[in-house]
1. Sorted by mean Cβ packing within 10 Å, highest first, what order do the peptides 62-69, 137-144 take?
2. Between K214 and E132, with labels modelled 7 Å along Cα→Cβ, what's the label distance in nm to one decimal, could you check?
3. Could you compute how fast the stretch 1-91 diffuses translationally, taking Rh as the Kirkwood radius over C-alpha pairs and applying Stokes-Einstein at 4 °C with viscosity 1.567 mPa s? Give it in µm² per second.
4. Cα atoms only, the chain: Rg and Dmax in Å?
5. For a bin width of 10 Å, list the pair-distance distribution of the stretch 283-354 built from all Cα-Cα distances, rounded to whole %.
6. Show me, bin by bin at 10 Å from 0, the whole-percent P(r) of the stretch 197-317 based on Cα pairs.
7. Starting from 0.36 nm per residue, how many nanometres of slack lie between S204 and S292 once their C-alpha separation is accounted for?
8. Using 32 Å as the Cα-Cα cut-off, could you pick out the over-long pairs in K207/K333; K40/K197; K50/K267; K16/K184; K178/K333; K16/K40?
Amino acid sequence: MDFKIVPLPADKMKTKIADQSQLGFGKYFTDRMLLVEWQKERGWYDARIKPYEPFTLDPACVVFHYAQEIFEGLKAYKWADGRIALFRPEMNARRFNQSAERMCLPEVPEELFLKGIEQLVSLEQEWIPTAEGTSLYIRPTMIAVEPFLGVHPSSHNYFYVILSPVGAYYSAGFNPIKIMVEDKYVRAVPGGTGEAKTGGNYASSLKAGEEAQKKGYAQVLWLDGRERRFIEEVGAMNMFFAYGDTIVTAPLAGSILSGVTRDSVLKLAPTLGYKVEERPIDVNELFADIKSGRVTEAFGSGTAAVISPVGTLCYKNEAIQLTGGTVGEITRKMYDTLTGIQTGKLQDDFGWVRFVA
Ligand SMILES: *Cc1c(COP(=O)(O)O)cnc(C)c1O
């Protein structure tokens, strides 16, 4: 499929943020976007890269009422030699289609997904920030735009991609965060949509997040929806716990997201001398193991923060510190290695980097 490039009028060109330390996350968007449409009778059509601008949508659109939508998140990095690198974008293409399948949205051919992103990023490359820790965040999305109030899969959908220059996730340095184990609300249940990157999962998590923030916690750690006993994941991060040199994470059993960063940690760990285990983690055992000193570190993994050290966990009003509130050795090693590969400072032995032509 060819992408039509719609000219960018001078009045749609924005001023770039000069001070890259002020970028934050997801606040600024580039000049252009990718848009491709799909209709039941036609399949995919009208692939175009056009000025970034609002959609005009019918208030009856399926996405507004029944949340038939999915998204992805990945990053582009500008290397010191000028090349533009994407990190394992094929994984995002595949996961996008798994989410699509669950939400009765059409599959996007991998080639369309990857080539569309590459062309858009290439056209917008002036927007990729270069300061330490910065990158261009890529947000592929699909929304159901058929105007119809019956509950059924939409016959008309938009696949679009927008780009956001983002800052170092840790503006105040790579510091441990405080996490609250959620024992009232649940995020996902077996058979539900927990494994899909779909808006409803995040809408239903807002309340718990807000209550945790009021108590001084940055995020909530979800327990399984059936027994509220086994560790699942954090808002947009998978979780890891270090038992000495063994790194343990919850298995992909259908209700947690299969993170690209999670998979990368699992593959990288053995090359750094660590063992990995994917097994159910009982929250009571976890707390006992933290207290006894068997668990020495905890960290989250996700595209936005890459690796996020956890300094405090709170469960049923009991707050407990990890690694003495500092960043653990394994956590730092993972962060340095992953970001090193992504930015071209370390060799990519896995073939994870894909350059934008
Ligand atoms: C996106 C996301 C993750 C992390 O996935 P990555 O591919 O590593 O960015 C983990 N959990 C949830 C719920 C997510 O939405």
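1. So the peptides 62-69, 137-144, ranked by packing, come out 137-144, 62-69.
2. Rounded to a tenth, the inter-label distance reads 3.9 nm.
3. After rounding, the answer is 77 µm²/s.
4. 20.7, 63
5. 18, 41, 25, 14, 2
6. The calculated distribution, bin by bin, is 12, 46, 35, 7, 0.
7. Details: separation 88, 0.36 × 88 = 31.68 nm, distance 3.48 nm.
Going from the current span to full extension adds 28.2 nm.
8. Where the Cα-Cα span goes over 32 Å, the pairs concerned are K207/K333; K50/K267; K16/K184; K16/K40.
The values are calculated or read from the model by the stated rules, or taken from the named source; none is laboratory data. Remember, it's a predicted structure, so these values are computed and weren't measured experimentally. Quick reminder, even Gly has a Cβ in these numbers, built from the backbone with ideal geometry, and neighbours come from all protein chains shown. When the accessible area is computed, the model is the full protein with side chains, heavy atoms only, and any ligands, DNA or RNA have been set aside. Shrake-Rupley method; radii C 1.70, N 1.55, O 1.52, S 1.80 Å.
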